[in-house]
Amino acid sequence: MIAMADKLTYEELQKRVVELEAQNLRLAEAQDELKRSLNFTESLLASIPTPVFYKDIDGRYLGCNTAFTEIMGITSEQIRGKTVHELWPSDHASVYHEKDLELMKNPQLQIYEFEVKDKEGYIRPVVYHKTVFRDERGTVAGLVGAFVDISEMKEMESKLKTSEENFRAIFDLSADMQLVIKDDEIIKANKKVIKLLGY
């Protein structure tokens, strides 16, 4: 039994009720703010045309955006809680995992060129950008990553290289003397010039 001295007065009970109601109101406002923030983050991710994914400290996927789903053929719900080895068992998965571990040990922006195998089975050259995110104590809690498909850039590089090789072959094998001069200085000469001048 509670002694008479331990019993709260009506005014004290009323004050306590007001304090609890205020605390509940602050909690409800904080929950609303958290929901707004979560909705905003989900909308932001969905609107980004670059494939984005995020993982926990153990390398398990927490989710991804729509662009990731469109390329990889797997939804945020389907990847949640899985590792790269469970989803895409291959040499690629081993490289992804090693890079993730490297990032966790050395938490700074990580950029590297590699490849992904898309939902159609095509290998795409990509550039990865990854960084860590931290918990409320400032401890590394996981990573956020994105990749940019550089297939077109690689194709253009290949075409330029082929064009340059073709130009060099035509230039070198020409029966006429061919020179490239810049600012009154010879910067390139073909084999015919070299043969005739002895240089």
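The values are calculated or read from the model by the stated rules, or taken from the named source; none is laboratory data. What you are looking at is a predicted structure, and each value in this text was computed from that prediction instead of being measured. Every residue, glycine as well, gets a Cβ built from its backbone with ideal geometry; the counts of neighbours run over all protein chains shown. Please note that ligands, DNA and RNA were not included when accessible areas were found on the heavy atoms of the full protein model with its side chains. Shrake-Rupley method; radii C 1.70, N 1.55, O 1.52, S 1.80 Å.
Within region 114-136, work out how many residues are farther than 17 Å from residue 59 by Cβ, open to solvent by less than 80 Å² (accessible area, probe 1.4 Å) and part of a loop (DSSP other than H, G, I, E, B).
Here the count works out to 2.
Being open to solvent by less than 90 Å² (accessible area, probe 1.4 Å), of a type in the set (D, E, K, R) and either part of a helix (DSSP H, G or I) or modelled with pLDDT under 85 (or both): is that true of residue 19 here?
Here the answer is yes, as residue 19 does meet what is asked.
Tally up the residues in region 58-82 that are over 16 Å from residue 146 (Cα atoms), out of contact with any Lys or Arg (no Cβ under 6 Å at 6 or more places or on another chain) and either of a type in the set (Ser, Thr, Tyr) or surrounded by fewer than 15 Cβ atoms within 10 Å (Cβ to Cβ) (or both), please.
4
Failed condition for residue 89, given (1) more than 15 Å from the chain's Cα centre (by Cα); (2) assigned to a helix (DSSP H, G or I), with all others met?
Answer for residue 89: the failing condition is (2).
Given the conditions (1) of a type outside the set (Phe, Trp, Tyr); (2) within 30 Å of residue 45 (Cβ to Cβ); (3) out of contact with any Leu (no Cβ under 6 Å at 6 or more places or on another chain), and given that residue 179 satisfies all but one, which numbered condition is not satisfied?
It fails just one condition, (2).
All but one of (1) open to solvent by 50 Å² or more (accessible area, probe 1.4 Å); (2) hydrophobic (A, V, I, L, M, F, W, C); (3) outside any loop (DSSP other than H, G, I, E, B); (4) over 30 Å from residue 64 (Cβ atoms) hold for residue 111, so report the exception by its number.
Condition not satisfied by residue 111: (4).
Could you list, in sequence order, all residues of region 46-78 that are small (Gly, Ala, Ser) and in contact (Cβ under 8 Å) with a residue 40 or more places away in the chain?
If the condition is that a residue be small (Gly, Ala, Ser) and in contact (Cβ under 8 Å) with a residue 40 or more places away in the chain, then 59, 73 are the ones that fit.
Quick check: is even one residue across region 147-169 in contact with a His (Cβ under 7 Å, 6 or more places away or on another chain), surrounded by 13 or more Cβ atoms within 10 Å (Cβ to Cβ) and closer than 30 Å to residue 112 by Cα?
Taking every residue of region 147-169 in turn, none turns out to be in contact with a His (Cβ under 7 Å, 6 or more places away or on another chain), surrounded by 13 or more Cβ atoms within 10 Å (Cβ to Cβ) and closer than 30 Å to residue 112 by Cα.
So, residue 172, is that one out of contact with any strand residue (DSSP E or B) (no Cβ under 6 Å at 6 or more places or on another chain), within 25 Å of residue 197 (Cβ to Cβ) and assigned to a helix (DSSP H, G or I) or not?
So residue 172 passes the test.
Take region 175-196 and flag every residue that is assigned to a helix (DSSP H, G or I) and surrounded by 13 or more Cβ atoms within 10 Å (Cβ to Cβ).
Listed by number, the residues that qualify are 191, 192, 193.
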